[in-house]
1. Need the failing condition index for THR79 against (1) within 13 Å of TYR29 (Cβ to Cβ); (2) of a type in the set (Val, Ile, Thr); (3) open to solvent by 20 Å² or more (accessible area, probe 1.4 Å), just the number.
2. Do we have PRO149 as open to solvent by 60 Å² or more (accessible area, probe 1.4 Å) and closer than 27 Å to GLY186 by Cα here?
3. Only residues that are in a strand (DSSP E or B) and polar (S, T, N, Q): list them for the range 165-214, please.
4. For residues that are surrounded by 15 or more Cβ atoms within 10 Å (Cβ to Cβ) and under 43 Å from the mean Cα position of the chain (by Cα), scanning just the range 82-101, find the one that is farthest from ALA24 (Cα to Cα).
5. Yes or no: LEU247 at pLDDT 95 or above, farther than 30 Å from THR169 by Cβ and either aromatic (Phe, Trp, Tyr) or in a loop (DSSP other than H, G, I, E, B) (or both)?
6. For the range 250-275, enumerate the residues that are part of a strand (DSSP E or B) and surrounded by fewer than 14 Cβ atoms within 10 Å (Cβ to Cβ).
Amino acid sequence: MTLTASNGTGTGAASITITVIAAAPSVSYVRTTINATRNVVITPDSAVNAGGPITGYTVTPALPLGLGFNTSTGIISGTPLVTSASALYTVTATGPGGSDTAGVTIAVAEPAPVISYRRSTINATRNVAITPDTAVNTGGSITGYTVTPSLPTGLSLSALNGRITGTPTVLSASALYIVTATGPGGSDTAGVTIAVADLPPVISYSPSTVVDTLGKSTSHSVTSTSGSVTVYHISPALPSGLTLDTLTGAISGTPGATATAANYVVTGTNASGSDTAGIRLSVVNARP
């Protein structure tokens, strides 16, 4: 470009060169801190440029595994796959007019556990081993399990994997047990309802044929090889002087009259069912 200046004495000219260059970028991020969770997609974080044009972006150090960085737009996105301590990541935007940097702090935390049980109800039987019930975790890592209240006697919870196993040894009404799984990212709970019932009784008298003596005390006990018995009944009525203990099933007393041999049926019952046992009994006079 030539500039000409004139006055009364003459004219002068000068040549000027003008170059127009692009402004340097001026970059920042919508979010300067990203608190992410492992295996959870993040809300993309966008770069904002208030300066000159940008031809590309770079970041240092490399982002946590699973997060992506768009070198054309500077957008940070993705799903982090590993936990990562809080760290500063420096993004550099470069254009014809120079470069600028912006910092984004990113931390990736472990998610809380998310647990459930394969069987949420266990209908157990006293003295019979249960099928183990397994905890299923679809969330973050777990360091330990606890349960409240305590499981029925004979059953146990593994503090390492949450499995419920064992052989219940006492009867227990249906109740809800809360299992808590705890890990670096927090905790979660799952409920398991457990009831322990008895086996139906299996009763017998041995010997099953007895001869009692008039005026002489006697006793005949019953045995249950399965569930416990809560109450006993007998039919028909026993000979005079003999009684059935409805709690133990024992037939005892002192016969007060002779009786010909007859069959008596004793029924033992519990909450799970009943069983019968026959006993053939007679009462004879004492030998002279």
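The values are calculated or read from the model by the stated rules, or taken from the named source; none is laboratory data. Everything numeric in this text was worked out from a predicted model, so none of it was measured. Don't worry about glycine lacking a Cβ; one is built from the backbone with ideal geometry, like all the others, and counts go over all protein chains shown. Accessible surface areas use protein heavy atoms only, side chains included; no ligands, DNA or RNA. Shrake-Rupley method; radii C 1.70, N 1.55, O 1.52, S 1.80 Å.
1. So the condition that THR79 fails would be (1).
2. yes
3. Answer for the range 165-214, where residues must be in a strand (DSSP E or B) and polar (S, T, N, Q): THR165, SER172, SER174, THR180, THR182, SER187, THR189, THR193, SER204, THR209, THR213.
4. THR83
5. When the stated conditions are applied, LEU247 does not pass them.
6. Residues of the range 250-275 that are part of a strand (DSSP E or B), as a first pass: 251-253, 259-270, 273-275.
Correct list: THR260, ALA261, ALA262, ASN263, VAL265.
Listed here are the residues, each with its yes/no results for (1) within 29 Å of ARG126 (Cβ to Cβ); (2) modelled with pLDDT under 95.
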position	(1), (2)
PRO200	yes, yes
VAL222	yes, no
VAL231	yes, no
LEU242	no, no
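Residues checked against (1) in contact with a strand residue (DSSP E or B) (Cβ under 8 Å, 6 or more places away or on another chain); (2) without any contact (Cβ under 8 Å) to a residue 60 or more places away in the chain; (3) open to solvent by 30 Å² or more (accessible area, probe 1.4 Å):
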residue: ILE178; (1), (2), (3): yes, yes, yes
residue: GLY191; (1), (2), (3): yes, no, yes
residue: ILE194; (1), (2), (3): yes, no, no
residue: ASP198; (1), (2), (3): yes, no, no
residue: TYR205; (1), (2), (3): yes, no, no
residue: VAL210; (1), (2), (3): yes, no, no
residue: THR213; (1), (2), (3): yes, no, yes
residue: SER219; (1), (2), (3): yes, yes, yes
residue: SER226; (1), (2), (3): yes, yes, yes
